[in-house]
Amino acid sequence: MIKALIVGVSEYTLGAGCKNLPLCLNDIQAMKKALISGLAVKESNVLVLGENKVVNIDDFISTFNGVINSVDTSDTFIFYFSGHGAELNSENYLVLSNKPVSTNEVISLIDRLPCKNKIVIIDACHSGNKNVTLESPLNLQATADQFVGHGCAIFASCAIDETSGFNYSRNMSRYTCILYDALTNPYLIRNGKKSLEEIKQYVDRLADISNKSIMNKQHNAFRSSIVGTISFEVEEYKPYTTQKIYKKTERYIIYSVKPVHANVKRISLEVILRFPFSKEDISDIAEEIKKDALSYEVYDNKISEERWKGKPNNIIFTYYGYSETDMINHTYAFRSTWVDSQQDKDHWYRLSDKSSVINDVWIEEYSNYSFMRKFISDNTADDVELTEATRNCMYEMILSAEKFLGYYREYINRTITEDTFTNSIKPLLTKIRELFLEQSDFSIPSKDLHKWSEGYSSLAATIDEFVVIYDPSSKRDSKNRKQLMDIAIKRYNDCLERVKELDIEFANRFDD
């Protein structure tokens, strides 16, 4: 559940140096609307302070304490402030109607809340203080579901030496206009969710565009201790379900059927053989499978289904092994290809010393099948040992990735130069590559651990992309590296969500 406190200070009693900001009233109304319509926050969970234009220190403290005492461990808490900001001796302050309060103290209180994650949004002058310290939620003794998506994020409208301005055509603060557009943009929804990272990237793009047309530029800042990102469920989503086909016969089991449609309708089957077979036998089995497989209707998505439904499959790829372990490890004894008369058979039925065409089916026998099967059997890890080794290695890798991203955000926030950034990450690049190589050298997972281990291997490869992008020997320019990092960060967040799901499945399986 999302709970929010929106604070806007429009009128001040601190003297001539602190003029009134009447448009801040519009800011808090806009933010309330954005949270309700853009993030599906219940209106009853949005508390607004400043609708009468005045926010005194006593009202702020009592309301703030009431809200933070109401949050639960599974909640997301959002704090928004619009009003004057001040900077004194490199310290930020949020200026209330009759007294300033330390920004760092407010953030520190929010960061220590026991709820799952926290978001602080400050639209005020001098709001981007790089000296803010956030506690890391990463616990090396916890499973991924206990830290992925946990932590605190801070959005600031400008750098500590800058002022925040207004968009007078919309009668709101410039940064709040950008936030409103990002939060309410329906095109950021993926699978029924909006992610904090994509909202942040959208804000960055709008801010860059805005800065090109104004004199008083604002360089917004983002800092975060969140491992991965936060996903907000904003609308109902029913994922497309691919039909599962599993069939047993006396000679074989059809273990899986997957769509690989391209410019023609194609499917790929995995088959477990019950007995030893020759190439001639495989030809006979392939012909038998084809009779039903021609009409198999399996698709990845609705668009593909609408295009191909009701048409026979033009190409059937089949892979044969002798056990479920073979299927999981993609260790096959044979593979076959059948294509219809409309396809180029000279292309699909190319022959080698290991392949033959028998009864209009191309068949290849894998000569290394027995060796690979024995190798996998001899090198399959003990489940407990592999689990412990994977967790220890990957948590160190995630920790290094989060440190890397911390430096990267400060570089994007313009608080450090590119040279300072690249020098700061050098030891992290070395550490990440060492851990990646360590992880890639682990023993083969058992059938029970295969999917779980594969998820962490994908995460390791994604983290190693940071090393590739900022390899000192690379000739990429700054712009290209930033573009690649946007893609890599998205992939990193997706991989973290995946291992979170796998850890939950893993724990449930052992509980059962």
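Normalising by the residue count of the chain, find the relative contact order in percent from Cα pairs under 8 Å and 6+ residues apart.
Values: 865 pairs, mean separation 53.4, N = 512.
Relative contact order comes out at 10 percent.
Restricting attention to segment 48-130, which trypsin sites (Lys or Arg not before Pro) occupy a DSSP loop and are surrounded by at most 14 other Cβ atoms within 10 Å?
Arg112
Probe of 1.4 angstrom, ligands and nucleic acids ignored: what's the accessible area per residue over the chain, in square angstrom?
Values: 25090 Å² over 512 residues.
Ligands and nucleic acids excluded, the figure is 49 Å² per residue.
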(request) Could you tell me the distance between the Cα centroids of segment 244-302 and segment 93-145, to the nearest Å? (result) 55 Å
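When the accessible area of the chain is split by element with a 1.4 Å probe, what percent falls to carbon and sulfur? Please list the in-between numbers first.
Details: 12300 of 25090 Å².
Looking at the chain in its full context, I get 49 percent from C and S.
Taking loop as defined by DSSP and a crowding limit of 13 other beta carbons within 10 Å, which chymotrypsin sites (Phe, Trp or Tyr not before Pro) in segment 146-175 fit?
Values: sites: Phe147, Phe155, Phe166, Tyr168, Tyr175; in loops: Phe147, Tyr168.
When the chymotrypsin sites (Phe, Trp or Tyr not before Pro) of segment 146-175 are filtered for loop state and at most 13 Cβ neighbours within 10 Å, Tyr168 remain.
Find, among the chymotrypsin sites (Phe, Trp or Tyr not before Pro) in segment 200-263, those assigned to loop by DSSP (not H, G, I, E, B) with at most 16 other beta-carbon atoms within 10 angstrom. Let's see the in-between values first.
On the way: sites: Tyr202, Phe222, Phe232, Tyr237, Tyr240, Tyr246, Tyr252, Tyr255; in loops: Tyr237, Tyr240, Tyr246.
In loop regions of segment 200-263 (DSSP not H, G, I, E or B), the sparsely surrounded chymotrypsin sites (Phe, Trp or Tyr not before Pro) are Tyr237, Tyr240, Tyr246.
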(request) Tell me which label goes with the value of semi-axes √(5λ) of the Cα gyration tensor in Å computed from the coordinates here: (i) 43, 31, 19; (ii) 61, 28, 21; (iii) 55, 25, 22. (result) (iii)
(message) Per 0.36 nm of contour for each residue apart, how much would the distance between Ser74 and Asp382 grow if the chain were fully extended, relative to their Cα-Cα spacing?
(response) 107.4 nm
(request) With a Förster radius of 41 Å, plug the Cβ-Cβ distance of Thr242 and Arg205 into 1/(1 + (r/R0)^6) and report the FRET value to the nearest 0.05. (result) 0.75
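Taking the Cα centre of segment 318-386 as origin, sum charge times position over the Cβ atoms of Lys and Arg (+1) and Asp and Glu (-1), and report the length of that vector in debye to the nearest 20. Can you show the working numbers first?
On the way: 6 positive and 13 negative charges, 55 e Å.
Around 260 debye, computed over segment 318-386.
With charges set only on the Cβ (+1 for Lys and Arg, -1 for Asp and Glu), what does the dipole of the chain come to about its Cα centre, in debye to the nearest 20?
Working: 62 positive and 73 negative charges, 298 e Å.
Result for the chain is approximately 1440 debye, rounded to the nearest 20.
With only Lys, Arg, Asp and Glu charged, each at its Cβ (+1 for the first two, -1 for the last two), find how big the charge dipole of segment 213-360 is about the Cα centre; round to the nearest 20 debye.
Values: 22 positive and 22 negative charges, 92 e Å.
With only Lys, Arg, Asp and Glu charged at Cβ, the dipole is about 440 debye.
Compute the length gained on full extension between Lys302 and Asp360: take 0.36 nm times their separation in residues and subtract their Cα-Cα distance, giving the result in nm to one decimal. If you can, show how the numbers build up before the last one.
Numbers: separation 58, 0.36 × 58 = 20.88 nm, distance 3.24 nm.
Net length gain for the segment: 17.6 nm.
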(request) List the relative contact order of segment 381-457 as a percent without decimals, with contacts defined as Cα pairs under 8 Å and 6+ residues apart. (result) 50 percent
(message) If I model a spin label at Asn368 and Leu437 as a point 7 Å from the Cα along the Cα→Cβ vector, what separation in nanometres do I get?
(response) 2.3 nm
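Can you work out the FRET efficiency for the pair Gln342 and Ser44, with r the C-beta to C-beta distance and R0 = 60 Å, to the nearest 0.05?
On the way: r = 61 Å, r/R0 = 1.02.
Plugging the Cβ-Cβ distance into 1/(1 + (r/R0)^6) gives 0.45.
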(request) Would you mind computing, in nm to one decimal, how far apart the modelled labels at Thr63 and Asp181 are, each placed 7 Å from Cα along Cα→Cβ? (result) 2.8 nm
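Where both residues lie in the chain, what percent of DSSP beta bridges are antiparallel, nearest 5? All intermediate terms of the calculation are to be shown ahead of the outcome.
Numbers: 40 of 74 bridges.
Percentage antiparallel, nearest 5: 55.
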(request) Using a 1.4 Å probe and ignoring any ligands, DNA or RNA, find the accessible area of Met1 and quote it in Å² to the nearest 10. (result) 120 Å²
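The values are calculated or read from the model by the stated rules, or taken from the named source; none is laboratory data. Source: prediction; values computed, not measured. Ideal geometry is used to build each Cβ from the backbone, glycine not excepted, and the neighbour counts take in all protein chains shown. Accessible surface is based on the protein model in full, side chains and every heavy atom, while ligands, DNA and RNA are left aside. Shrake-Rupley method; radii C 1.70, N 1.55, O 1.52, S 1.80 Å.
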